[in-house]
Amino acid sequence: MDHPLIDLINARIAEAEANGAFDNLAGAGKPLPEVEDPENALLHRLVREAGGEPEFVTLSKTLARLRESLRDETDRTKRGEILREMSMMEVRLDLAKQAFSSRR
């Protein structure tokens with residue numbers, strides 16, 4: 001089943017093409033750049049343009065916050081909890097780094 005707006009979309013594209021909106025586009029007539037992960041290339045580009053960051057960057061920031069809270073914490077029980085959380089975060093960070101580097 002087609003999208004309910006497919007006719008409108010096709011009409012708008014045809015209108016833009018007739019008005020020359022696609023003439024003289026940068027890169028016209030050239031092959032598309034090579035992409036390692038074509039299925040997710042658009043998604044990765046949109047995330048990057050929206051200011052997204054790889055998971056390992058987010059995890060690194062979380063780990064830094066945990067280290068800071070450990071410095072400020074005096075309660076032994078809470079320090080133990082923070083240390084356990086830091087340990088898990090370090091494992092997640094290593095896995096995220098490996099996953100990220102294997103995609104490149």
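Numbers for the structure displayed
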{"item": "Positions within segment 61-81 being among the small types (Gly, Ala, Ser) and under 25 Å from the mean Cα position of the chain (by Cα), in sequence order", "result": "Ala64"}
{"item": "Selection status of Ala64, loosely packed, with under 14 Cβ neighbours inside 10 Å, touching a helix residue (DSSP H, G or I) at 6+ places or on another chain (Cβ under 8 Å) and within 27 Å of Val47 (Cβ to Cβ)", "result": "no"}
{"item": "Looking only at segment 47-60, and only at residues there that are surrounded by 11 or more Cβ atoms within 10 Å (Cβ to Cβ) and assigned to a helix (DSSP H, G or I), the one that is farthest from the chain's Cα centre (by Cα)", "result": "Ser60"}
{"item": "Pick from segment 19-41, criterion modelled with pLDDT of 80 or more and surrounded by 10 or more Cβ atoms within 10 Å (Cβ to Cβ), ranking: farthest from Ser101 (Cα to Cα)", "result": "Ala21"}
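The values are calculated or read from the model by the stated rules, or taken from the named source; none is laboratory data. On a predicted model such as this, the values are computed, not experimentally measured, just so you know. Cβ atoms come from the backbone with ideal geometry, glycine included; neighbour counts cover every protein chain shown.
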